[in-house]
Each structure stands twice: as C-alpha cells, then as structure tokens.
Amino acid sequence: MSQPVSVEIHENIAIIAIANPPVNALSHAVRAGLEAAFAEFASRLDLAAVVIYGTDRTFIAGADIREFGKPVQEPLLPDLINRIESCHLPVIAALHGTALGGGLEVAMGAHYRVAVQSARFGLPEVTLGILPGAGGTQRLPRLAGVDFALEAITSGRQIGAQEALKVGLIDRISTTEDVRAAGIAFAKDLLAEGKGPRRTRDLVVDPVAPEVFEAAKAKMAKKARGQLAPQNCIKAVEGAATLPFAQGLAQERALFQELMESDQRAALIHAFFAERQVAKVPEINGVTPRATDKIGVIGGGTMGVGIAASGLLAGLDVTLIERDGPAALMSGDRVRKTLKDSVNRGKLSQDSYDEILANRFRASNDYKALVEADVVIEAVFESMEVKKDVFTQLDAVCKPGAILASNTSYLDLNEIAQMTSRPSDVIGLHFFSPAHVMRLLEIVVADQTAPEVTATGFALAKRLNKIAVRAGVCDGFIGNRILSHYRKACDGAVLAGASPFDVDRALVSFGLAMGPFAVSDLAGLDIGWATRKRLAPTRDPREVYAEFADRLCEAGHFGRKTGMGYYVYAEDGTRENAEVLDHVAADRAAKGITAREISEQEIVDRYMAAMVNEAARVVEEGIALRPLDVDVTLLNGYGFPRWRGGPMQYADTVGLDKILRDVKRFAEEDAFLWQPAPLLARLVAEGKTFADLNNA
Ligand code: 3HC
Ligand code: NAI
C-alpha cells in the first residue's frame, strides 16, 4: 500500500503530500506519517520552509470518524498539531477542497495559510456531537476573533475563501487552482520577505465581555434544546479568552472527552454514516442508471410545484403537466414564484432564474410534451382512479425506457404499475413537502421494478441533493406507515388521560420540533380524516378507534387552514382549543375509560415504543432494508431529533428489552395496537441490537 504521507524536497522547501482517499481523513497512519516527517525536519539544516497539502480532491476533511469509540493510538492529533506549530521552519498549509474539523485545525497549527479560490472551511464537529478537540476552539478565536469563532463553531457551517480571508483565517487566495504550486509560491514569497514561523498560539485574543458567553449559552440552549455539544463548544471558546493557551487547550480536551463519551455523540455519528449507508443497496451495486436530464411532472399542486422547483434548481429540464390550460398557467406561476423566493433568499442568482425560465421550464396540459422525458413523476390527487388514468396516458406517450414514477403517499404501486405495458419501468419516488426543501426521498421499489430503474431513482436523488432511502410496497411505505402507527399511540395516550397539549409538550421536550397534534393542524386535519374514511371498511373490529379527531373535522375545524383545530390560530397568537377537551371527554365516556394521570415519561415511552415496534415490523418484512434506513427516514422526513440518532438508534441506547417491556405494559390497555413485533421479541431473546442487523 502506498504511504498516506510523503515528503519531497523542492529546492529548499519540504513538501508534504497527504494521500488518504477519499477525503484525506487524519487516520492513525496519516498522523504517524506527519509526526515522522516533522521529527525528521528538526535535524535538517538544508530546509527553509515546509508546505503541507492534500492530493486528489481535498485537503484534510477532518479526524477519521471511524476511529471514534476505539482505543486511541498515538500520536494524538492535538499533540501532533502542537508539534507542527513548534516547527523551527515556517510551515505553510496549502488548502483546496474542504479543510474541515481536524483538517482546519492542522491548517491553523501551521504558520501561514494559502487557499485556492474554490476551497471551503469549517469546524463541523458540533454536528457530530463533539467540539473541535485539536486546538480549534483555542486557535480560531486567536485568528478570527471570539464572535466569529463562537458562531462558526456552534453552527458548524462552512465558509468560502473570500470570507476566510476577510476574517483572518487564511492569509492569501491563490490565482491558480493548482494547490501545490500555490503553496510553493507562497513559501517562496515568505522566504523572500524573510518571514519565519508565526505561531497562532502566540496571538492574543481580543478582549470580550463575559456577557458575550452567557448570551451565547442562552441562545444555544434555546436553539439547540437538549444538546450538549453546543454548550461545551462555547465553554471551550470562553477558555481561549480567559485562560493561557496551554490551559485553554487542556480544558478543551476535557470538554471534548466528555462529549466523546455521550450518547449524543454516538447518535450523531450513527446518523452521519447511516445517511451514507442508505445509498448502498445490493440490487443496484454496479448497475448503470439511465438518463435523468429531462423530467416531467404531472400535477401542479403542492407537491408537483415543489418537485418541479427541485429539478430546476438542480439544473434539470422540467415539463409540468396539469389538467387543463388555466391550471397549467396557474401552476407555472407557482413554480416561478417558488424560484423567485429562492432568488430573494440568495439561493439562486437572477441570471440562473432567467436562464431556467427561458430554456428549461414549461407548463402545459398536453401529455405529448413528455415525449422526450427521461423520468416522469406523477403527483396528482391521491386517488387510485385518477392515478390509473394518468399512467395509462403516460404509457401511451412516453418514449421506451422512460421511467414512470408516482409520488403517492399510501397507494399500491403494484396496482398502478399494472396500468402500463411496462411495469418494470414503474417506481415510487415519494417526496416530502416542501419538495424543493426537504431532503428525504423514499424510493419505492415495486414487484417488477427493474434494478436499472431503481438505480436511476438513486442517481436522480443525488442530482437533486436528496437523501434517498429504498422502501418496499405497503400502505405508507417506511415513513407514513410508522407514522400512522405512532399517531394512534398518541391518540391512545389522550384516551388514557393525557390532553393532546400534554402530548405535544412532552414530545417537544423530548426533542421534536413540533408536537404531533400541532403537526396534524399544520398538515390539515381533513387529510387524516380522508385516510381514516378510506381505511374504515377494512378496519379491524378490535381496533380502539379514537373519535375525537373526527368530531373536530365534522365541526369544520381542519387546523391552521380554517384557523382552528387542536389549537386556535388567532392574530394575537396560538392557544389551545378548549373545545377539544370536550370531544376527548365524550370519547372517553363513550368507551367507558376513566382518565388517569399520564406522566411526560409515559407519553414518550408510548410514542417511542409504538414507533420502534412498527419499525421492527417494517424491517422484518423487508419494507426497509435495515434499521438504519428507518432512522434516516425519520430523521430527514419526520423531524425526529438528530441528536437521538433515529428511533432504532434510540431503542438500542435505552435497550430493546425496555422497549419490549413497554409494548407489553401498554398492551394491557389495548392489546390490538400493542402487539409485540416478532423481530423485536427475537432480538431481545438473543441479546442482540438493531446495530447488529445494520452491520450484518
Ligand atoms: N472520517 C472517516 N470517513 C469519512 C470522513 C471522516 N472525517 N468524512 C467522510 N468520510 C467518508 C464517508 O463516510 C464516505 O465513505 P463511503 O464512501 O464509504 O460511504 C466517503 O468518505 C465520502 O464521503 P461523502 O460521501 O460524504 O463525500 P462528499 O464528497 O459528499 O463530502 C465531505 C465530502 C464534505 C468531506 C463530507 O464527507 C463530510 O462532511 N465529512 C465529514 C467532515 C467532518 O465532520 N469533519 C470533522 C471530523 S471530527 C474532527 O475532525 C475532530 C477533531 O476536531 C479532533
Ligand atoms: P394537490 O391537490 O395539491 O395537487 C394535485 C394536483 O394534481 C392538482 O393541481 C390537480 O389539478 C392536478 N391533477 C389532478 N388530476 C390531474 C391529471 N389527470 N393530470 C394532471 N394534473 C392533474 O395534491 P398534493 O398535496 O400535491 O399531492 C399530490 C400527490 O402527492 C398525492 O398522491 C399525495 O398523496 C402525494 N404527497 C403529498 C404530500 C403532501 O404533503 N401534500 C407529501 C408526499 C406525497
């Protein structure tokens, strides 16, 4: 195997190349290679400067996350960076690609920094539940000031070369994109000017008022509720302003270690790898996808408009089809408005907007406009009749090999596929609202879908910058099926004695952005009502059916859109709708239930046990490939708190035996809803975890 760190001598400059694909992470071999190189420089009298750069597509993108949780091997990164900083020769970091985390910390330990125009920088550790633990919290405030450091470290956001130059993080932007040449040129200029080492640790942090840190802690306590890492990040930066460098570094280390040992760190790193793992689907391994340049969208309602905008923002050619001329005109306007909003928010340039409208977008009521489409995505009403009609027409006009996709939320994709003469080209592409913003895409593989078509779904998702999860066919696929189940558990908690407001409060404090009843109000109570009516004929007589939601709908209260649902939406703010409690009381009375005290913990236990239990069925039935596919779905489409890693990671953390005990406990009240999933029971009996299945 070739060495990940190599040194060449160019005239009197030592050039260190780091080659550890794919992202030059600071694995043990890289750290050891750098350590050895700098140890050797100490005795070299022929050298005048050192340049460090990364080969291939990037500088160092951070510590090697795969080593986290394993025994640490020397040299430790903080010590290595101290050694680089102590070097008697001027050390220049030449940066391209992404200098992230430990990579940026190496660069800050160097004495000078030059970057190519396209380089990006950031300390994303907080998004992994840790903090920059190799001096980043001490060196960034010295280079770029406390305010910038606090904001950059607690957000983890990336910045470009211009901003990095402006705040003092880098010294120069090179005119060439050849990073090695840029490093050598800068080194020569520095030597010509007689510049020697310039150590970041010797810089003085500009004084700041202590209130700055208190305000930052209060802000993050609100913004990142329940999360440990942002608080520790702030404490570490505070150390840079109040302690000598060595002590600040020691405190940073202690705060870092505390986070490394937390469940939140494990959960966030699980999320990071799970989001990459979901694309690894055995049936498409090595399969070449078809073209995805031209897409058609049928239906210009909420979803169709969002899907069209998503395609256009990603550079695709989009044809939108509506029922008639006026509807086509109207949906065309809505797409333009969505794009204009992107311009206003600085996400799209005016030039690109003009180019899209001139060349890449059209709305029509004529299906013949789809003859050249590579992929057509249907997003018409959620009605089997309407969808069958659309697919019959698509089959007639689309070119051979075109992919015919449906955005249906619940309907049977196999039945839809049978409407065409080419069921192997039919697939589900289930977007989430708003489709140009939400990152999740469920790729629903029907019985006859060809692997090439599935591979094309994943390729399209990548172009659209979405996270795609493979799902099998069932009512609701992965996400909506699990949602239907845990929503029933929320209704069950209300029948047992909690109010919908208690449920929302408990789950918001658990980490959800919004409680489930508030979400129902937002989505429109009529939507759930329609689904319940659709499923009524097949409802099992043993099901305990909560009726209070139907009573609200019958009174014409559909949530936000009618100004009233579980909550009242008034000009002067939102308040709880007391009428709901009357409907709940009547429902309990009719069922002979005596309300009892339900604690916050019990609400969370019910919610999580229902979610995990149904998810175990979804995995066992092969609807989701692995538990991690469920986690990624819930994290990216349903607002599950990322720092809890998803429901399956949460279940492993609290113990599957605890989840199973809860299922059995609640079954005493409603044996139909709370039937233990066989997979859950089996894992408990075998002493295994969902992680074991992920790794199988
Ligand atoms: N360690 C180990 N593996 C990593 C890694 C890392 N830091 N970063 C990326 N990878 C792996 C990915 O898992 C993926 O592996 P796979 O091909 O087997 O699935 C592969 O590298 C390519 O990654 P992406 O698919 O994400 O490639 P992109 O080109 O889309 O993105 C990136 C590249 C922007 C570098 C992105 O991977 C990224 O954001 N990485 C994480 C960066 C990060 O968080 N750095 C901080 C680490 S913590 C740290 O440094 C602690 C220190 O302060 C002590
Ligand atoms: P919508 O009611 O907002 O839009 C549907 C559009 O389809 C309307 O503009 C209608 O004029 C058009 N249409 C109906 N028949 C047509 C035909 N034969 N040809 C062309 N256009 C036709 O509905 P929405 O919310 O956009 O949902 C569309 C689909 O997406 C449904 O299957 C729904 O289940 C699914 N979905 C909806 C989500 C949501 O949050 N709204 C989320 C994910 C999927």
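Some values worked out for this structure:
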quantity: 2 or more residues out of contact with any Gly (no Cβ under 9 Å at 6 or more places or on another chain) and outside the structural domain of residue 465 (by TED's automatic domain parsing): qualifying helices (runs of 4 or more DSSP H) within region 232-316; calculated: 245-260, 263-277
quantity: Residue that is farthest from residue 55 (Cα to Cα) [pool: residues in region 135-190 that are of a type in the set (Asp, Glu) and under 29 Å from the mean Cα position of the chain (by Cα)]; calculated: 147
quantity: Odd one out for residue 6, checked against (1) surrounded by 14 or more Cβ atoms within 10 Å (Cβ to Cβ); (2) in a loop (DSSP other than H, G, I, E, B); calculated: (2)
quantity: Any hit, region 71-89, residues being among the hydroxyl-bearing types (Ser, Thr, Tyr), within 13 Å of ligand 1 (Cβ to nearest atom) and in the same structural domain as residue 13 (by TED's automatic domain parsing); calculated: no
quantity: Filtered residue count, region 66-78, keeping only those that are modelled with pLDDT of 95 or more and surrounded by 13 or more Cβ atoms within 10 Å (Cβ to Cβ); calculated: 4
quantity: Residue satisfying all of: in region 81-111; β-branched (Val, Ile, Thr), within 24 Å of residue 42 (Cβ to Cβ) and not in a helix (DSSP H, G or I); nearest to the chain's Cα centre (by Cα) among these; calculated: 92
quantity: Of all residues making up region 154-177, the number that are over 17 Å from residue 111 (Cβ atoms), free of Cβ contacts under 8 Å to residues at least 60 places away in the same chain and open to solvent by 50 Å² or more (accessible area, probe 1.4 Å); calculated: 5
quantity: Exclusive hit being in a helix (DSSP H, G or I) and open to solvent by 10 Å² or more (accessible area, probe 1.4 Å), set 595, 610, 590; calculated: 590
quantity: Spans of helices (runs of 4 or more DSSP H) in region 622-696 with at least 2 residues open to solvent by 10 Å² or more (accessible area, probe 1.4 Å) and farther than 22 Å from residue 476 by Cα; calculated: 647-654, 656-667, 678-686, 690-695
quantity: Failed item, numbered, when residue 560 is tested on (1) open to solvent by 60 Å² or more (accessible area, probe 1.4 Å); (2) farther than 23 Å from residue 531 by Cα; calculated: (2)
quantity: Boolean, residue 292 is of a type in the set (Ser, Thr, Tyr), in contact (Cβ under 8 Å) with a residue 40 or more places away in the chain, buried (at least 17 other Cβ atoms within 10 Å of the Cβ) and on the phi < 0 side of the Ramachandran plot; calculated: yes
quantity: Identity of the residue in region 23-44, more than 17 Å from residue 78 (Cβ to Cβ) and open to solvent by less than 10 Å² (accessible area, probe 1.4 Å), that ends up nearest to ligand 1 (Cβ to nearest atom); calculated: 24
quantity: Neighbours by Cβ (under 6 Å, 6+ apart or cross-chain): first from region 32-53, closer than 19 Å to residue 188 by Cβ; second among the basic types (Lys, Arg); calculated: 53/180
quantity: Cross-chain or 6+ apart pairs with Cβ under 6 Å, region 313-332 first and touching a residue at least 12 places away in the same chain (Cβ under 8 Å) and within 16 Å of ligand 1 (Cβ to nearest atom), then of a type outside the set (Gly, Ala, Ser) and assigned to a helix (DSSP H, G or I); calculated: 314/463
quantity: Selected residue (only one of 267, 279 is within 25 Å of the chain's Cα centre (by Cα) and open to solvent by less than 20 Å² (accessible area, probe 1.4 Å)); calculated: 267
quantity: Residue list for region 112-139, restricted to those being of a type in the set (A, V, I, L, M), in a helix (DSSP H, G or I) and in contact with a Phe, Trp or Tyr (Cβ under 7 Å, 6 or more places away or on another chain); calculated: 128
quantity: Pairs where the first residue, in region 383-402, is exposed (fewer than 13 other Cβ atoms within 10 Å of the Cβ) and the second is of a type outside the set (A, V, I, L, M), C-beta under 7 Å, 6+ apart; calculated: 399/372
quantity: Unique residue being crowded, with 23+ Cβ neighbours inside 10 Å, more than 24 Å from residue 647 (Cβ to Cβ), of a type in the set (Gly, Ala, Ser) and more than 16 Å from ligand 1 (Cβ to nearest atom) when the list is 446, 450, 471, 405; calculated: 405
quantity: Meets criteria (of a type outside the set (Gly, Ala, Ser) and surrounded by fewer than 17 Cβ atoms within 10 Å (Cβ to Cβ)) for residue 540; calculated: yes
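The values are calculated or read from the model by the stated rules, or taken from the named source; none is laboratory data. It should be emphasised that the depicted structure is a prediction, and the values quoted were computed from it without experimental measurement. A quick note on method: Cβ atoms are made from the backbone with ideal geometry, for glycine too, and the neighbour counts reach across all protein chains shown. Areas reflect the complete protein model, heavy atoms only, side chains present, ligands, DNA and RNA absent. Shrake-Rupley method; radii C 1.70, N 1.55, O 1.52, S 1.80 Å.
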